[in-house]
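Readers should treat all values here as calculations from the given coordinates under stated rules, not as data from a laboratory. Since this is a predicted model, take the numbers as computed values, not measurements. Glycine gets a Cβ as well: all are built from the backbone with ideal geometry, and neighbour counts include every protein chain shown.
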Amino acid sequence: MTNHYVAVAFFDVLEVLAIGVFWFGVPVHGSIWLLLALATLFLMTTLGIGIFVSSVANTQQEAMLLVWLLLLPSIFLAGFFFPLEAMPRVLQWLSYAIPLRYMLIILRGIILKGVGLEVLAEQVVALVIFGVVIMAFAATRFRKRLE
């Protein structure tokens, strides 16, 4: 069942990328294959967060509230709306615990600047660590919930 969510999310990535390129005329200066590979890594990380939240919540309403409690701060603290440099130091440090921060740097690097993997290595390593840790927590919590 999890594969379906990854497929739907990956289709959304392709759809948004296609709309950006063909409708809005945003040129992709870097490797499209690298972008798709790293988007898949980010999708697996966010899927792990979703599995973890669903294993913690007792009801669907509780799960939705938990997701909103995680989603809103991560959008605001990841540098999506406000530049990270303009945030207070404490919030800048908090943003290191948000996977979206690293994905936004990857997106801007590949699409706008055309950089490669060697420049984005720090962000890729951070996403891999987040993905492995959150999937391990989710799997452990899910196993305990089944017992």
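Shown in residue order for region 21-26 are the 3J(HN,Hα) couplings computed by the Karplus curve 6.51 cos²θ - 1.76 cosθ + 1.60 at θ = phi - 60°: 6, 8, 8, 8, x, 7 Hz (x for Gly and Pro).
With a ≥ b ≥ c the root eigenvalues of the C-alpha gyration tensor of region 78-147, is it rounded (a/c under 1.5), prolate (a/b larger than b/c) or oblate? Since a/c reaches 1.5 but b/c is at least a/b, the shape of region 78-147 is classed as oblate. For region 12-57, which chymotrypsin sites (Phe, Trp or Tyr not before Pro) are both in a DSSP coil and crowded by at most 12 other Cβ atoms within 10 Å? Here the sparse-neighbourhood loop sites are PHE24.
For the chain, the ratio of Cα radius of gyration to the globular rule of thumb 2.2 N^0.38 Å stands at 1.11. Among the GluC sites (Glu not before Pro) found in region 68-143, those both in a DSSP coil and sparsely packed, with 12 or fewer other Cβ atoms within 10 Å of their Cβ, are GLU118.
The fewest-to-most ranking of MET64, MET87 by surrounding Cβ atoms within 10 Å reads MET64, MET87.
Put simply, the C-alpha atoms of region 39-122 give a gyration tensor, and the ellipsoid matching it has half-axes of 26, 17, 9 Å, longest first.
The phi-based Karplus calculation (6.51 cos²θ - 1.76 cosθ + 1.60; θ = phi - 60°) puts the 3J(HN,Hα) values of region 126-141 at 4, 5, 5, 4, 4, x, 5, 5, 5, 5, 5, 4, 5, 5, 4, 5 Hz, whole numbers, x for Gly and Pro.
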